[in-house]
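Taking it in order: structure first as structure tokens, then the write-up.
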Amino acid sequence: MNENLLKALLNKVEKILNGNDEVAQVSSDNYIAWCSPGIPFQPEDLQFAVKGINGKDAEETALLVRNAAEFSRVANSIPSSNVIGGTFEQNGTVLWDIYSQVLKFSKVRKDDITPEEEEKIKKLRTKLVVKKKVKDIITDEEKEVTEDSPVVKLYNEKMAAYINAVSIYNNKRLSALNSDSKLAVQDFALNADMYRMQVKAAMNDWVNNGYKEDIEKIGAYIKQVSQRSMMMLKSDLQDRLEQGKMTDSITGSTFYLSSFYPGNFINSDKGWTEFSFTSKSKNTYNKDAHYSTSGNTGLNFGLWRTNGDMSQTKDTLDKSLDTDDFEIKFKITQATIGRGWFEASFLTNGLWDWDKEAYGMLSDGEPEPKGKLIAYPTTAVFIKDIEIKSSAIKDIYSEINSTLKVGGSIGWGPFKIGGSHSQNSKEVKTRYDEDSAILHVEGMQLIAFKCFALPKTPDCKVKDLE
């Protein structure tokens, strides 16, 4: 079945991203939420992650802000089970909406902190975030915005490099372990030590050049002392949130800047990992039931199409790519999401509460969680240059072509195969090589987020609140 083939493919992707051996253990609170559908990007759409949002002139600045607003809205979408809506729509609740409600309506533990400790915390916070002046492209007025400090950006870049080194190791290990190909087995047999060394080298680089221990020590101290001064912490976070607010001049919508690290993969092949999967591996990767690909996830497990309006329910094609000669290849990378306005630890510290009848639970923390904020994205997963080989494509391609000609889109699970994205001109270009029976899907697309699943929140552990 087409469904089982796609589930097996996504299971392999998930294993590579999350890891499951002695080289890198990943928290069980991290899981994959697939974009439905995948979101195409051109390198120019993501230059704000490299240049920031101050362009050389008003036109470039407006474009950088516009692209940053689009990415920020998607990157702060709240997953529904294991799916994130792959849209740039201005409607719908996002992370900053819930976070601002928590800061506004929560009651926190009464203070117990000395003036010296208060001053030290304020000083340490300047190491983590910086205020930056940005000129409004319409009024020319300058406004201060809050973003991650250069030290934190470097920390996140080195962490992302470590995560990608782990992904490469996991990819090689799993392909050899499951005998995906003769070359994969030989490669890992000969080069396993080298791939492990790359992981260790990336960790050492993170420690030595990415301020890993310094940032984590600062975080630990602030957390320990702030637990005795929640009022001060809450006030500081409200200021940071307000300073992080921006407006997209084109749509007039408010957003809170969210970027990603590193950004070097945007303009080059650096940081990308080669990924492949064949029909021979279907049964192997279907053996384990994975959280993101088991049960009713809300993801369309099959070929789908729309007729130009992504708000419509996707029509499932009565076609299957599941053939004995099926093979898919693409490049994959991960990027850590940075939010200078957001303090994740506040949500789960157990030192605040609010009127649950009025505001509800963020998450009940159950295995199948319910609440306003069951999870939020922490890492973006990009792929590019998809190649799909299957003897079935020859018959399917005519249907793909007819859908694209009328302005529609076509895809397979979280993979966008062709067509423009909803509400913008971002387009996936597709070409079919009849001689090799390979469908080439050009360019880059965002297919998933790694997410942090909240425990029971709020889960207040103290009584004296104000």
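All of (1) among the acidic types (D, E); (2) over 23 Å from the mean Cα position of the chain (by Cα); (3) more than 20 Å from N76 (Cβ to Cβ) hold for D239 with one exception: (3). For first residues located in segment 341-359 and more than 20 Å from K110 (Cβ to Cβ) and of a type in the set (K, R), partners that are open to solvent by less than 10 Å² (accessible area, probe 1.4 Å) and assigned to a loop (DSSP other than H, G, I, E, B) and lie 6+ apart or on another chain with Cβ distances below 8 Å form the pairs K356/P458. Got at least one residue in segment 324-333 being at pLDDT below 90 and open to solvent by less than 50 Å² (accessible area, probe 1.4 Å)? No, every residue in segment 324-333 fails to be at pLDDT below 90 and open to solvent by less than 50 Å² (accessible area, probe 1.4 Å).
For N283, are the conditions met, namely being of a type outside the set (A, V, I, L, M, F, W, C), exposed (fewer than 13 other Cβ atoms within 10 Å of the Cβ) and either touching a Ser or Thr at 6+ places or on another chain (Cβ under 9 Å) or at pLDDT below 90 (or both)? Spell out how you get there, then give the answer.
Numbers: of a type outside the set (A, V, I, L, M, F, W, C): yes; exposed (fewer than 13 other Cβ atoms within 10 Å of the Cβ): yes; either touching a Ser or Thr at 6+ places or on another chain (Cβ under 9 Å) or at pLDDT below 90 (or both): yes.
Yes: the conditions hold for N283.
Pairs meeting the criteria (first residue in segment 434-460 and of a type in the set (D, E), second residue part of a loop (DSSP other than H, G, I, E, B), beta carbons under 8 Å, at least 6 apart or on different chains) are D459/G350; D459/G365. Being closer than 22 Å to I266 by Cβ and out of contact with any helix residue (DSSP H, G or I) (no Cβ under 7 Å at 6 or more places or on another chain) is not true of V406. Within segment 369-406, being without any contact (Cβ under 8 Å) to a residue 40 or more places away in the chain and outside any helix (DSSP H, G or I) holds for one residue alone: K370. Among the residues of segment 261-271, those identified as part of a loop (DSSP other than H, G, I, E, B) and open to solvent by 30 Å² or more (accessible area, probe 1.4 Å) are N267, S268, D269, K270, G271. For I218, the conditions (1) closer than 30 Å to D464 by Cα; (2) at pLDDT below 85; (3) surrounded by fewer than 21 Cβ atoms within 10 Å (Cβ to Cβ); (4) in contact with a Leu (Cβ under 9 Å, 6 or more places away or on another chain) are fulfilled apart from (2). For segment 150-198, the candidate set comprises residues that are surrounded by fewer than 18 Cβ atoms within 10 Å (Cβ to Cβ) and hydroxyl-bearing (S, T, Y); within that set, the residue that is nearest to F275 (Cα to Cα) is S181. In segment 33-60, of all residues being more than 21 Å from P262 (Cα to Cα) and surrounded by fewer than 23 Cβ atoms within 10 Å (Cβ to Cβ), the one that is nearest to the chain's Cα centre (by Cα) corresponds to E60.
Close contacts from segment 145-160, counting a first residue that is within 14 Å of Q243 (Cβ to Cβ) and a second that is among the aliphatic types (A, V, I, L, M) and part of a helix (DSSP H, G or I), with Cβ to Cβ under 6 Å and a gap of 6+ residues or different chains, come to S149/L128.
Is it fair to say A380 is crowded, with 16+ Cβ neighbours inside 10 Å, out of contact with any Pro (no Cβ under 9 Å at 6 or more places or on another chain) and over 30 Å from D97 (Cα atoms)? Explain how you work it out, then say what you get.
Details: crowded, with 16+ Cβ neighbours inside 10 Å: yes; out of contact with any Pro (no Cβ under 9 Å at 6 or more places or on another chain): yes; over 30 Å from D97 (Cα atoms): no.
Spelling it out, it is not the case that A380 is crowded, with 16+ Cβ neighbours inside 10 Å, out of contact with any Pro (no Cβ under 9 Å at 6 or more places or on another chain) and over 30 Å from D97 (Cα atoms).
Kindly indicate whether A344 is farther than 24 Å from A33 by Cα, small (G, A, S) and at pLDDT 90 or above. For A344, the condition - farther than 24 Å from A33 by Cα, small (G, A, S) and at pLDDT 90 or above - is not met.
If you go through segment 191-246 and keep only what is more than 30 Å from D353 (Cα to Cα) and free of Cβ contacts under 8 Å to residues at least 12 places away in the same chain, you end up with D193, M194, M197, K200, N204, V207, N208, E213.
The values are calculated or read from the model by the stated rules, or taken from the named source; none is laboratory data. Remember, predicted model here, so these are calculated numbers, not experimental data. Cβ atoms come from the backbone with ideal geometry, glycine included; neighbour counts cover every protein chain shown. Each accessible area value is taken on the protein alone, full model and side chains, heavy atoms only, with ligands, DNA and RNA left out. Shrake-Rupley method; radii C 1.70, N 1.55, O 1.52, S 1.80 Å.
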